[in-house]
1. Between helix 276-287 and the chain, what is the angle of the helix's C-alpha long axis to the longest principal axis, kept within 0 to 90° and rounded to the nearest 10?
2. Subtract the Cα-Cα distance of residue 393 and residue 463 from 0.36 nm times their separation in residues, and report this length gain in nm to one decimal.
3. Roughly how many nanometres apart are two label points built 7 Å out from the Cα toward the Cβ at residue 443 and residue 488?
4. Along the Cα-to-Cβ line of residue 415, 7 Å from the Cα, sits a label point; which residues in segment 61-83 have backbone N less than 18 Å from it?
5. Of all DSSP beta bridges in the chain, what percent run antiparallel (nearest 5)?
6. Apply 1/(1 + (r/R0)^6) to the Cβ-Cβ distance of residue 25 and residue 181, taking R0 = 25 Å, and write down the FRET efficiency to the nearest 0.05.
7. Between residue 433 and residue 51, what length comes free when the chain is fully extended (0.36 nm per residue of separation minus the Cα-Cα distance, one decimal in nm)?
8. In what sequence, highest mean first, do 265-274, 94-103 appear when ranked by Cβ atoms within 10 angstrom?
């Protein structure tokens, strides 16, 4: 019978390398990660440094939690017409309680932190012992590939790692019901996550779990195809007007155009995909496991879909770890590293631990640099916090508001919230069919104006200010550089 891993698989032996000591270190590092990163994420939000996506998801969760139609006025799309992310409905209770904006940051941080002990369990389930089993877990907490999305707003994909690694552990323990549950929830976090699970299904099929692997590969691939080609078009035009053209760049208007271009120009496609920056990211993923993922090359195939979507995209943000785009691929590589840890033989243990220690030092230095940048951002924005908070507090509950990106998450508990200069100036594309911007602009009650907080699109500060005046808004409050405008009656 297969030996099942546990957080306390053996009694303490008193040795620094005992399983009990290793477990306590991993749990301690995970807890410290959750505490420090969680505090930084909340302080970033409180200092008005949160960006566009945090506002979007905060409004979705408030709408869902209060049983309103999930039509997001920030991006002017419905829930299933923006991305196919029905899984965020699981967090609707946070909206009901009125803690959606900070609550989702806490949930995201805890999910990323909890991935580390699951990686330890997964490594042990595949035969790893001692500190080798802890390498992927500890490096996960040290890696900037994980830290950066944790400190840049909230994104449902950041919840996939704990589900993916937990699902792999469930398979290793023959807990198939739990595996299916984690797979369903993970795929509900974004439409393309199904491709990662389809790749996992092929790997399981290859490893001899034919029924499970085949069903997963077919089901997950079909789900992603249905979400992209049926659900998204049925609920809006975002795929055609924003996502497809953004992904394709000068190669066309859709994913199919990129595939066609790659087949006709294979060498050019490879050259564009594997820039020095992209190669550096791939190396960073390998370092996040101390190289142990290379011992489980078959499991690395799980990371291919998510990585390929980033490498093939013309969207510049998908070619950096500063955002959330690489977190699913990072989870797949980390899981491969946990499996690889079980393939380290005793004579090579010291070598792999040295590699892991070296990778840990490098990753920690890079993460500390990024953490320091976030601290500087918080310190820069914090002196303006009270002024901005006072202006936002003067807006009546439920009033229709247009505000800069950094203020959106703080105003998300309302049905009508727009990113400045919407809806007065049309800057968003791929909006829901039938949206009447002029009607929304006529019904707009308040505008928050602050040149220190980002607007959307290309209009200049002067153009936005002129449009506010043209629409009949008058200043009713000012604190520091933040101004509150209200529409004059009859304007």
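1. 50
2. Details: separation 70, 0.36 × 70 = 25.20 nm, distance 2.61 nm.
Length difference between fully extended and current span is 22.6 nm.
3. 2.4
4. Label zone hits: 61-79.
5. On the way: 12 of 17 bridges.
The answer is about 70 percent antiparallel.
6. Working: r = 30 Å, r/R0 = 1.19.
Once rounded, the FRET efficiency stands at 0.25.
7. On the way: separation 382, 0.36 × 382 = 137.52 nm, distance 2.55 nm.
Between residue 433 and residue 51, full extension yields an extra 135.0 nm.
8. 94-103, 265-274
Throughout, read-outs are computed from the coordinates displayed, never taken from laboratory work. Here the structure is a predicted model, which is why all the values come from computation and not from measurement. Here Cβ is always computed from backbone atoms with ideal geometry, including for glycine, and neighbour counts include all displayed protein chains.
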